[in-house]
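Visitor: Next up is a structure, given as structure tokens.
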Amino acid sequence: MASKKSIVVGLILSVLSIVARSATTAISNGKTELKLDFYKRSCPEAEKIVRSTVDKYISSAPSLAAPILRMYFHDCFVRGCDGSVLLNSTNKDAEKDAIPNLSLRGFQVIDAAKAELEKQCPGVVSCADILALVTRDAVDMIGGPVWSVPMGRRDGVISLKKDALTNLPSPSASFEQLKSSFIKKGLNMKDLVVLSGAHTIGTSHCGPFATRISKPTDPSLAESYANKLRIKCKPGDNKSLVEMDPGSFRTFDNHYYINLRRKRGLFASDAALVTDAEANSFINSALASSTSNSTSWFFTEFGRSMEKMGTIDILTGNAGQIRRHCALVN
């Protein structure tokens with residue numbers, strides 16, 4: 001029989017274990033938990049500094065919100081949310097040098113936030129966390145959803161073009177390819193549908209959908225819409241920009257799903273969503289939402305999926321590093 005002393009010690013250890021668990025925040029990737037108050041002591045003004053930087057840029061150029069949001073997707077889908085998409089390479093072999101990433105914009109916002117944080121808290125706040133915060137704040141500033149951003153990510157030191165080419169979903173992907181890509185990242189069908197809703201803002205070059213408008217027109221694309229796109233995009237044109245959500249590309253709302261129903265999804269990957277019954281059920285839920293409302297189903301679920309995506313293959317603890325400059329490994 002155990003002694004009274006051992007029983008008491010066991011109880012104390014159990015209580016301490018419960019307290020330790022309750023002090024850890026919110027979102028877990030199955031291995032390590034991130035914390036909403038991660039920088040509470042080491043850099044208490046971190047979120048305010050990032051927000052102030054984002055405000056400076058987005059207030060003068062709201063169109064930056066869309067490419068920053070895209071940048072975060074492209075970071076998390078390649079080697080996880082580790083800031084590796086921000087790294088430069090002397091031989092042009094980094095993630096940002098891959099064709100899908102050549103049109104990424106907004107790096108200056110990340111760099112500016114990092115520079116301010118390095119003045120206040122040198123070597124403390126990771127570029128991966130900065131990118132997560134900048135994305136949330138940029139979307140919020142243009143009237144989009146708001147979500148929690150638990151922190152504690154560390155920065156990756158590897159960034160390879162081939163990884164981006166392998167892991168990023170193609171704009172010409174079929175439904176099965178999209179589904180497989182998301183499942184590999186721990187995301188489900190609802191995540192696929194609501195995160196695709198990010199195409200409600202921003203623009204695209206002509207290249208990613210060029211084959212859809214070359215005659216005969218892709219049957220999943222409305223002919224009237226294809227004719228309008230042909231006016232904008234002549235054969236071989238990859239410089240002109242077109243709205244990803246025609247009629248509402250500056251507003252974060254559910255209009256993207258309205259266009260899907262009208263066969264006006266810009267990419268083949270957009271049109272692919274309406275080919276699946278389960279995906280269609282989520283599209284219906286998004287369509288039933290208020291057009292642009294913080295309490296709508298679409299806004300709520302988009303935020304939840306962004307929180308979930310932010311935990312993909314994160315580096316924590318002693319893994320990775322805290323970069324002094326987001327484009328360079330220490």
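The values are calculated or read from the model by the stated rules, or taken from the named source; none is laboratory data. From a predicted model like this one, the values you see are computed outputs, not experimental measurements. Glycine also receives a Cβ, built like all others from the backbone with ideal geometry; neighbour counts cover every protein chain displayed. What goes into the accessible areas is simple: the full protein's heavy atoms, side chains included, and nothing from ligands, DNA or RNA. Shrake-Rupley method; radii C 1.70, N 1.55, O 1.52, S 1.80 Å.
Visitor: Could you please let me know if residue 271 is farther than 22 Å from residue 220 by Cβ and not polar (S, T, N, Q)?
Guide: no
Visitor: So, in the range 287-330, how many residues would count as being within 24 Å of residue 176 (Cβ to Cβ) and more than 19 Å from the chain's Cα centre (by Cα)?
Guide: Of the residues in the range 287-330, 1 are within 24 Å of residue 176 (Cβ to Cβ) and more than 19 Å from the chain's Cα centre (by Cα).
Visitor: Spot the failing condition for residue 174; the list is (1) more than 14 Å from the chain's Cα centre (by Cα); (2) surrounded by 21 or more Cβ atoms within 10 Å (Cβ to Cβ), and only one is missed.
Guide: (2)
Per-residue answers, yes or no, for (1) farther than 26 Å from residue 131 by Cβ; (2) touching a helix residue (DSSP H, G or I) at 6+ places or on another chain (Cβ under 7 Å); (3) of a type outside the set (Val, Ile, Thr):
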{"position": "239", "(1), (2), (3)": "yes, no, yes"}
{"position": "247", "(1), (2), (3)": "yes, yes, yes"}
{"position": "257", "(1), (2), (3)": "yes, yes, yes"}
{"position": "271", "(1), (2), (3)": "yes, no, yes"}
{"position": "278", "(1), (2), (3)": "yes, yes, yes"}
{"position": "307", "(1), (2), (3)": "no, no, yes"}
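For (1) more than 24 Å from residue 103 (Cα to Cα); (2) touching a helix residue (DSSP H, G or I) at 6+ places or on another chain (Cβ under 8 Å), each residue gets a yes or a no:
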residue: 173; (1), (2): no, yes
residue: 182; (1), (2): no, yes
residue: 186; (1), (2): yes, yes
residue: 215; (1), (2): yes, no
residue: 226; (1), (2): no, yes
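Visitor: Which residue pairs have Cβ atoms closer than 7 Å, lie 6 or more positions apart in sequence or on different chains, and pair a first residue in the range 218-242 that is among the small types (Gly, Ala, Ser) with a second residue that is in a loop (DSSP other than H, G, I, E, B) and surrounded by 13 or more Cβ atoms within 10 Å (Cβ to Cβ)?
Guide: Every condition considered, the pairs that remain are 220/263; 222/263; 222/264; 226/217; 240/206; 240/233.
Visitor: Residues to consider are 126, 148; find the one that is under 18 Å from residue 50 (Cα atoms), among the hydroxyl-bearing types (Ser, Thr, Tyr) and surrounded by fewer than 18 Cβ atoms within 10 Å (Cβ to Cβ).
Guide: 148 is the lone residue from the list that is under 18 Å from residue 50 (Cα atoms), among the hydroxyl-bearing types (Ser, Thr, Tyr) and surrounded by fewer than 18 Cβ atoms within 10 Å (Cβ to Cβ).
Visitor: Quick one: which of 105, 154 is within 22 Å of residue 87 (Cα to Cα), crowded, with 16+ Cβ neighbours inside 10 Å and among the basic types (Lys, Arg)?
Guide: After ruling out the rest, the residue left standing is 154.
Visitor: Considering only the range 65-102, state which residues are assigned to a helix (DSSP H, G or I), hydrophobic (A, V, I, L, M, F, W, C) and surrounded by fewer than 22 Cβ atoms within 10 Å (Cβ to Cβ).
Guide: 73, 99
Visitor: Note down all Cβ pairs under 6 Å where the first residue falls in the range 32-48 and is touching a residue at least 24 places away in the same chain (Cβ under 8 Å), the second is aromatic (Phe, Trp, Tyr) and open to solvent by less than 90 Å² (accessible area, probe 1.4 Å), and they're at least six residues apart or on different chains.
Guide: The qualifying pairs are 46/39.
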